[in-house]
Structures are given as C-alpha cells and as structure tokens.
Amino acid sequence: MKIFLSILFLILSYSIASAQTINASLVPQVVKKKMQEKYPEAKGVVWKQSDPGFVEANFNNEDLKCNAIFLASGGWVSTDCEITVEEFPAAAVTFLNDSKNADKVSKYYKSETKAKGTQYSADVKKSGKAMQYIFDDQGNLIMRGPKN
C-alpha cells in the first residue's frame, strides 16, 4: 500500500509540475460542471492539462490556494489546498518542530483524494535538502521523501 501511495504521489507531483495551461473552452463540460458542484466559491480558475486524460484546476477557494485534478471524463481525483500551520494537525506540527526532523517548514497543505481520504503534507528543508512529509489526519507520519 505504501508503494502504491508513493507512486500515486509521485505521479500527481509530476503532473502538477509539468502541466500546460489551456483555454477554458478546451476543458470538457463535464469537468467544468464537476468543478462548479464541488467548489462553487472557487475564484480565478486556471485550467491546465497535466497528463493525458487528466485536467487540473488551479484556483482560490475561501482565500486558500488550491489545485484540483479531474479525469477528463469528469471524475474528481484529488484536491490540494495550501493551509496555515494552525490548520495543520498538532501532532504533525510537534514532529516538524523537532530539529531532528526539519530545519524549516515553508508550506503546509491539506490534501483530499478519493482513494486516500484526507492527508496533510509539508514542504520542509532539512540539512539543505528540500523534503516533503505526509501525515494522516491525526498527525501520524505516513511518508517522507525528496521534494521534486
């Protein structure tokens, strides 16, 4: 299961990094409808083509920077939103405040996926290396690895 989650995380990370901005007219109507249903308060939506068969929406929702990925057929895959440290699980904050684990945290995220539910991640610097730590909703460490 950890291997599956690692592979899924890497694919989604690569998709986000390599996505090409596309005109909203090229986004399938079914995807636009699902986006509107799921995030009716979304503002400033920018559409991107990540991998073939996937469409990404970057937007602001309730003053949070978010990124949602949909199947071109309209199915929702995942959403990541940048959050504040106060919204991050307390146990995870305690873990990251320990100098053995992180020198500096630059960003905190809340991720929701159909497959994994809610998880939290943090972009971290440790010994000069960019890392990402992933936690469950209780703040238990699930995975850590290099930030791509």
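The values are calculated or read from the model by the stated rules, or taken from the named source; none is laboratory data. Values in this document were obtained by computation on a predicted structure and should not be read as measured data. All Cβ positions, even for glycine, are placed from backbone atoms using ideal geometry, and neighbour counts span all protein chains on display.
Summary of computed values
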item: Unmet requirement for residue 139, which otherwise passes all of (1) at pLDDT below 95; (2) under 17 Å from the mean Cα position of the chain (by Cα); (3) at positive phi; result: (1)
item: Any strands (runs of 3 or more DSSP E) falling wholly within the range 70-133 and containing at least 1 residues that are in contact with a Ser or Thr (Cβ under 6 Å, 6 or more places away or on another chain) and within 15 Å of residue 145 (Cβ to Cβ); result: 104-113, 117-126
item: Residue list for the range 25-53, filter: of a type in the set (Gly, Ala, Ser) and surrounded by 11 or more Cβ atoms within 10 Å (Cβ to Cβ); result: 42, 50
item: Verdict on residue 122 being more than 24 Å from residue 38 (Cα to Cα), modelled with pLDDT of 95 or more and surrounded by fewer than 18 Cβ atoms within 10 Å (Cβ to Cβ); result: no
item: Index of the failed condition, residue 49 passing every other in (1) more than 24 Å from residue 24 (Cβ to Cβ); (2) in the same structural domain as residue 27 (by TED's automatic domain parsing); result: (1)
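Yes/no matrix, rows are residues, columns are (1) loosely packed, with under 13 Cβ neighbours inside 10 Å; (2) not charged (D, E, K, R); (3) not assigned by TED's automatic domain parsing to the domain that holds residue 48:
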{"residue": "61", "(1), (2), (3)": "no, yes, no"}
{"residue": "65", "(1), (2), (3)": "no, no, no"}
{"residue": "71", "(1), (2), (3)": "no, yes, no"}
{"residue": "94", "(1), (2), (3)": "yes, yes, yes"}
{"residue": "109", "(1), (2), (3)": "no, yes, yes"}
{"residue": "117", "(1), (2), (3)": "yes, yes, yes"}
{"residue": "131", "(1), (2), (3)": "no, yes, yes"}
